[in-house]
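The values are calculated or read from the model by the stated rules, or taken from the named source; none is laboratory data. Just so it is clear, the structure is predicted and the values come from calculations on it, not from any experiment. FYI the Cβ positions are ideal-geometry reconstructions off the backbone, even for glycines, and counts take in every protein chain you see.
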Amino acid sequence: MKNNFYPLKSIKFAFASLATFLFLSTAAIAQVPTASVTTDTTCVGTPITLTLDNANGIIQWQSNIGAGWVNETNPGFDSSVYVVMPVQDIDYRAYVVGASTDTTNVLNIHVIIVAPPTNTTVDSTRCGIGPVNLSASGTGQLLWYETPTATEFINQGNTYTPFINGTTTYYVANTDSAGGAGMGSSVVITELNVGSPADMLEIQNVSAAPVDVTGWTVAISGSYSDINNVNTSLQTLSGTMLPGDMMAWSDAGGVGTTWGANMLWNPGNFPTFTGWAIILDDVGEIVDFVPMEWPATNIQGMNATIAGYSITIGTEWVGDGVDHGTLPPGSSLQRMGNSDNNDLSDFMEGIDNGLITNPNIVMPFPGGVCESPRIPVTAYSLAPPAVTTTTSPLAICQTDTVTFSASSVNPDYIYTWDPPTFLNTIIGANVIAVPTNTITYVLLATDTAADCVTSDTFFVDVGIIPSAGTANAPVDTVCVGATTAISVVSSVGNIQWQINDGTGWVDATGLSS
C-alpha cells in the first residue's frame, strides 16, 4: 500500500484556500439591505412607513434635509419598520452595521405643504339673525367646516353665505389635490374596456373632497409593442370634480365623450396586445397610472413624453400590468376596494358599466387631498334693538279673542306674524286672533334698511267651552238599596255628578263617570 505524503505547508495552503473560497462564496450570496417606503409623496404631517429588507446587523435610520445625514432618534429608528411624519421634503436611508457595514439606497420623500387661505373676510357685522357673506382666497379648492376638527365640510368654494342665529365661527381650509400615492387617492382610473362594446376609459373622484382638475391631462398608449408610444389625442381637463364625479371617453360609439383618435386597445396577452392609461396633474406629476399586460420590467423602463413632460413610473405601479387576456365580450376591467395599491390587485373583471360607479368599489378612498391648517372666520351678530310684547289675555276659551302687541325703540321695525291662522292680519304692531285651539305664533321684527331681524314667540292656551249635555236614567223609581245606571250624553269637558235630596245640589262622590 502506497502512502501519500504531503508537506505541512501544502496542507496549510489548502486550508487557507478553502477558507478564502468559503468567504468569497458567502460574500457572493449575501444580500444588500434595501429600503422601501409606502409612498414617496405625502401630505405634511401624514405618517408613512419605511421598511428595510435583508438587514443583518444593527440598524440606524438616517435623514437628510439638505445639510447632511443625521441619525434619527424617534421610536423605531433602529427597527426594520420605521414610521415617520415628515413636515418637509426629506431623504431617508438606513445604515446597517453587521459582518459588513452597508448603507441602503436613498428614499426621496416629497412633502406637500398647502398654504392656508388668505383674505378671509366677513361682508359685515349683521344685526340679529339672518344671512352673512363670508369669503376667502386660496390656491386650490376651499373647504368650510363648522369646527376645527370636523371630518365633513359644509361648503366649498371661495364664498359661503350661512344663516346665523348669533355670532358664529366657521373654519376654512385650502386644499391641494396634486396626486401621489402618499395622499391616498383623489381622481383615479376606475374602468377600462378593451373593445366590447367599445374601447373606453373612465375616471372618478373617489375622495371625500372636490378636486380642481384644471390643466390636468389624461393620456393612453398608442402602440402594442412600444410602451413609450402615446396616443395622438390627449384629454385636457378643466373645472372641479365633486366627490363621486366621473368622466369617460370611448371610440366606436361607446359611452362618454369620443376620444378623438382610435383607442388602440384589444383583449389578449403580451406581447401581442398591451396598453396603459395615465392621469397627470397640471405640473406633470402622475395622479394615477394603470398598465395592461405589460411586464414589470417594461413598466419600470417606461420613459414617455406626455404633454411635454418626461414620464417615468417608479412607485406609481408595482409588478406586472393588469391581465386582460381572457376578458369576455361585454366585460371590462373595474377598480375595486377602497384604496389605490398601484398594482393589479386594484382591478377585477366585471360587466361593462361605463359612467356608473363600480359595484365593488368603496368610496371615499382615504386621503386624496392635502389640506392646509384651518383658519377661523367669525360671523358677528349684534343684538338687535329689543321688542316689547304683550298678550291679553294669556288664556282664553273658544270664540274668545286675544290681542298681541309689539313695540320697540326702533321705529323702523316691520312686524310680521306667523302662522296666519285665526289672525285678522299678519302685518302690524297689533293683531287680533280668535283661535279655536291652542296655538303658538312667531313674531318677526325686521328692519330692512339696517338688515336687522329679531323674533319672539307667543303661546295661547285655548280652553274648550263646556257643555253639560243630557242626563239619562233607565227608570226614575227604584227600591231602597237597589242600583241603577244613569248617563250623560253630548257633554263637553269634565263631568261632575251632583245630588239634590231636597236641600240643594251638592257634588256626588263615589260615582263612576
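Restricting attention to the stretch 333-345, which residues are modelled with pLDDT of 95 or more and of a type in the set (Gly, Ala, Ser)?
Residues satisfying the conditions do not exist here.
So if I check each of Ser223, Ser207, Ser233, Ser196, which one is in a loop (DSSP other than H, G, I, E, B), outside the structural domain of Val377 (by TED's automatic domain parsing) and either buried (at least 23 other Cβ atoms within 10 Å of the Cβ) or touching a helix residue (DSSP H, G or I) at 6+ places or on another chain (Cβ under 6 Å) (or both)?
Numbers: Ser223 fails: either buried (at least 23 other Cβ atoms within 10 Å of the Cβ) or touching a helix residue (DSSP H, G or I) at 6+ places or on another chain (Cβ under 6 Å) (or both); Ser233 fails: either buried (at least 23 other Cβ atoms within 10 Å of the Cβ) or touching a helix residue (DSSP H, G or I) at 6+ places or on another chain (Cβ under 6 Å) (or both); Ser196 fails: either buried (at least 23 other Cβ atoms within 10 Å of the Cβ) or touching a helix residue (DSSP H, G or I) at 6+ places or on another chain (Cβ under 6 Å) (or both).
Residue meeting the stated conditions: Ser207.
Can you tell me which residue is nearest to the chain's Cα centre (by Cα) among those in the stretch 83-99 that are in a loop (DSSP other than H, G, I, E, B) and more than 15 Å from Ile48 (Cα to Cα)?
Gly98
Determine, yes or no, whether Thr448 is among the polar types (S, T, N, Q), under 21 Å from Phe163 (Cβ atoms), at pLDDT 90 or above and outside the structural domain of Val132 (by TED's automatic domain parsing).
Criteria not met by Thr448.
Under 9 Å by Cβ, and 6 or more places apart or on different chains, what pairs join a residue from the stretch 34-60 that is touching a residue at least 60 places away in the same chain (Cβ under 8 Å) with one that is acidic (Asp, Glu)?
So the pair list comes out as Thr34/Asp53; Ala35/Asp53; Ser36/Asp53; Thr41/Glu285; Cys43/Asp176; Cys43/Glu371; Ile48/Asp40.
If the Cβ limit is 8 Å and pairs must be 6+ apart or interchain, which residue in the stretch 133-162 that is more than 19 Å from Asp176 (Cβ to Cβ) and in the same structural domain as Thr214 (by TED's automatic domain parsing) pairs with which residue that is charged (D, E, K, R) and outside any loop (DSSP other than H, G, I, E, B)?
none
Being free of Cβ contacts under 8 Å to residues at least 60 places away in the same chain and among the acidic types (Asp, Glu) is true for just one of Asp418, Asp456, Asp461. Which residue is that?
Asp418
Could you tell me which residue of the stretch 456-473 is nearest to the chain's Cα centre (by Cα), considering only residues that are in a strand (DSSP E or B) and among the β-branched types (Val, Ile, Thr)?
Thr457
Among the residues of the stretch 392-411, is any small (Gly, Ala, Ser) and surrounded by fewer than 13 Cβ atoms within 10 Å (Cβ to Cβ)?
Yes, that holds for at least one residue.
Collect the residues in the stretch 379-400 that are closer than 30 Å to Tyr170 by Cα and in a loop (DSSP other than H, G, I, E, B), keeping them in residue-number order.
Passing the criteria: Tyr380, Ala383, Pro384, Pro385, Ala386.
Answer yes or no: is there a residue in the stretch 121-132 that is in a loop (DSSP other than H, G, I, E, B), hydroxyl-bearing (Ser, Thr, Tyr) and not assigned by TED's automatic domain parsing to the domain that holds Ala173.
Within the stretch 121-132 (the criterion being in a loop (DSSP other than H, G, I, E, B), hydroxyl-bearing (Ser, Thr, Tyr) and not assigned by TED's automatic domain parsing to the domain that holds Ala173), the answer is no, since none of the residues qualifies.
Anything in the stretch 286-314 that is buried (at least 18 other Cβ atoms within 10 Å of the Cβ) and not aliphatic (A, V, I, L, M)? List them, or say none.
Those that are buried (at least 18 other Cβ atoms within 10 Å of the Cβ) and not aliphatic (A, V, I, L, M): Asp288, Phe289, Pro291, Glu293, Trp294, Asn298.
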